[in-house]
1. Touching a residue at least 40 places away in the same chain (Cβ under 8 Å) and either among the basic types (K, R) or not in a helix (DSSP H, G or I) (or both): is that true of B:V160 in this structure?
2. Any residue that is facing chain B (nearest Cβ under 7 Å) and either touching a residue at least 24 places away in the same chain (Cβ under 8 Å) or among the hydroxyl-bearing types (S, T, Y) (or both) - is there at least one of those in the range A:62-71?
3. Search the range B:311-343 for residues being in a loop (DSSP other than H, G, I, E, B) and of a type in the set (K, R), and hand back the single one that is nearest to the chain's Cα centre (by Cα).
4. Please list, ordered by residue number, the strands (runs of 3 or more DSSP E) wholly in the range A:93-210 having 3 or more residues that are in contact (Cβ under 8 Å) with a residue 24 or more places away in the chain and more than 14 Å from chain B (Cβ to nearest Cβ).
5. Report yes if some residue within the range A:193-204 is at pLDDT below 95 and among the polar types (S, T, N, Q); otherwise report no.
6. Working only within the range A:83-92, note down all residues that are more than 8 Å from chain B (Cβ to nearest Cβ) and hydrophobic (A, V, I, L, M, F, W, C).
7. B:L453 - would you say it is part of a helix (DSSP H, G or I), within 18 Å of B:C538 (Cβ to Cβ), under 27 Å from the mean Cα position of the chain (by Cα) and of a type outside the set (G, A, S)?
8. For the structure I just gave you, tell me whether B:E401 is farther than 20 Å from B:A516 by Cα and either assigned to a helix (DSSP H, G or I) or within 14 Å of chain A (Cβ to nearest Cβ) (or both).
Amino acid sequence: MLSISGVTKKYGKNVANDNISFAVGDGQIGILLGPNGAGKSTIIKCITGLLRFTGRVEINGAANNTIEAKRQLGYIPEMPAVYDLLTVAEHMEFIRRAYKIQDEAYSQQLLERLELWDKKDKLGKELSKGMQQKLSICCALCHRPRVAVFDEPLVGLDPHAIKELKNIFRELKRDGVSVLISTHMIDSVEDYWDVANIMMNGRFAATKLNDGGEGQSLEDLFFQITEGGSGEGSGVGA
Amino acid sequence: MKSPLIYLTAVKLKNQLKEAVKHPAKLIYVIVIAAALVLSTIGGQVNSEHLELRPLQELTSIMVLFYTMMFLMTFINGVNGGAGNYPMFTLSDVSMLFPSPIRPNKVLFYALFRQLGLSLLLGFFLLFQYNWLHGVYGVEYSHLLLIVLGYGLSLFLGQVCAMAAYTRASGNDNARRLVKYCVYGITLVFVAALLFRCIPGLVASAGDSPEELFTMGGFSGALDAGVEFLSAVGVFFPVSGWAAGLIGGVFIGDYLLAGISVLLILAAFAVAILLVVKNKNNYYEDVLQSAEVAQSAITAKKEGQPAEVMPKNVRVGKTGIGKGNGSSALFYKHLLENRRSGLLIFSKMSIIFMLIIIGCAVLYGVIFADEEGNTAAFVAVFTMSTYMQIFSESLGRFNWELSKPYIYMIPESPFKKLLWATAETLMADCVEAAVIFVPVSLILGLGPVEMVLCILARISFSLLFTSGNILVERIFGTVRSKGLLLFFYIISLMLLSLPGVGLGIALLSLELLPGAVGMLLGVVAANVPVALLIMFFCRNLLQYAELNGK
């Protein structure tokens, strides 16, 4: 369970996140949508403990800056985080050692699914940007986090990797993991989200629950809010 | 209408000045640097009376070595397609000037003109050497400006020659290799000739007694032979030697040498430019790669990600991190990355600094030969090595680690992560201390107790500067200007050194213990607690990436 209560993040006078509250329950997939500069990446960095903020973020009941919370959190950054001088396999070994886990087979399984196993002896610097992104995803998932936060995970991925990553999202959901995904690609998330939050100017402009009904599509709602001048903060519940 | 290149140069200059006025911090930075320069000049005037002046040929020899080192580094880097942070062409030149209807040769001269100005600016730090140069060689400010000019010329010609070689050998790895081997060969012959002249001097002055070989007398003979060789033959080392010959010739009034040097420099410049201009293809393609590499390095720096130095072709070797659990995995990962980057223990810069310190031990040993017990020479060497340590002390892989999210995400206490992430640097510092101060102690004839204390004192400064580095990251990490950050870094490190330096000087003056023992004990006794205290206060640095501006 990921729970965010009253998170505000300011850079000087500029308010990047203004009193944001939401939750992603166990086995739920939450989506963050919004135009550039809406504050999606900032709230994600607050959740993962990279930025200071006021308010509270909890990972399964533990404050996000505690060791207990960090153990249960997986984070895929917007820009692939890869070490130039480590091989693909060594990245996985590093994460396993740092998180003190032994499950080597799961690392191999992740690499195979994202077509990186045959490149396990390649250095990080030799990988293309898409491959680096795939490796970043494997690193974030290899310790089996209970809360997984993805910042624009589909950018730069090939069609096979996109398909496989969507399957991974569904599996994480089935295993009871709370998944939060920030994305610009609305059509790529249409079929598996549970709760969508549309951000504008650092606030939530709308929150929509996916009840499987025939109502307004997520894309229509997004354009209605971002282009139609819908009042900020007005919740559009489904 | 004005030439677009003149317009570009003028507008850039104007905007740089405007920037300085718009950002008061930059202005303050310039004022403080100017004040430091004035202080160093006044200090040099006051302290210059008590020592007998050394011959100016020595200064010419130092210039030959220094200019040559800088020239070779610039040239080899240029031939390899690298351009450092100051490429001849920036990416904006490549994308805007190259496709424009301006003749390539005009664009080339625009870049050359700008590069000459930049090379002279890079020599600015030499102005701070006034104090000791005035004291030891009686150098005046006008002479110092000439030394800067020679330095700028060496860098500039290094880039021009590298560009000529690069364009001519472009796309032909064998030709490029041949150019490099030729340069290495000439350098090797030069070094061999220097040693050939120095070693007999060393042996002759030691007389019949072999144990006197490594005493001050021995070194003095070798030094004299080396100076004689460098000031007579070394000044003909291609390009950098000519620059040293030009400046040295003016100093000692040897205008024939200065004139020959000018002619040789002009000839080299003309040949290099002709090689570029007369190339059958224009040089655009050749500089594109170096402009792109430099641009990505500049962008990474702006984003707070230090550019990683690594060989073009990395030898993977044995795979696997092998050891480590929790935070210690960082340490073993760093060792593996160091091996792959070709860095066994020390960086190239550290090795150069080590050689300079050991060389200075020889020089100071001769300068202070009359002083009792070599304490004065040792204090001078130790002070200089500590000053250089401020610039050479880096946080190694720790800085790169800060630009990735993993170090913050690892579920361990931030303090434990901090200690393991800096362990590799501290380990290298301990080895470096021994590599520097064992030979320095032998050269200066210090006893075993002083030798051990020297090593400990150096390690205590490493610990202090490492913790100072962490402190600067913690307090000033969000400062974007790298110049300002460096400024804060140097000031902070100097302030942190004060307790150790103060206690050391006090114990040295009290003369309660023989030689420099008191000073070294004082340094260690003050530095270690200060360093540990800072590390403790910064223990939460790795709690948030934001604390260090990443």
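1. The answer is no for B:V160.
2. Kept after step one, since they are facing chain B (nearest Cβ under 7 Å), are these residues of the range A:62-71: A:65, A:67, A:70-71.
Cutting the leftovers down to either touching a residue at least 24 places away in the same chain (Cβ under 8 Å) or among the hydroxyl-bearing types (S, T, Y) (or both) gives us A:71.
Yes: the range A:62-71 contains one or more residues that are facing chain B (nearest Cβ under 7 Å) and either touching a residue at least 24 places away in the same chain (Cβ under 8 Å) or among the hydroxyl-bearing types (S, T, Y) (or both).
3. B:K312
4. Counting at least 3 such residues, we get A:178-182, A:195-200, A:203-209.
5. Looking through the range A:193-204, at least one residue is at pLDDT below 95 and among the polar types (S, T, N, Q).
6. Passing the criteria: A:V88, A:M92.
7. Values: part of a helix (DSSP H, G or I): yes; within 18 Å of B:C538 (Cβ to Cβ): no; under 27 Å from the mean Cα position of the chain (by Cα): yes; of a type outside the set (G, A, S): yes.
The answer is no for B:L453.
8. Here the answer is yes, as B:E401 does meet what is asked.
The values are calculated or read from the model by the stated rules, or taken from the named source; none is laboratory data. Note that the structure is a prediction, hence the values are computed from the model and not measured. Cβ: placed from backbone, ideal geometry, glycine included. Neighbour counts: every protein chain shown.
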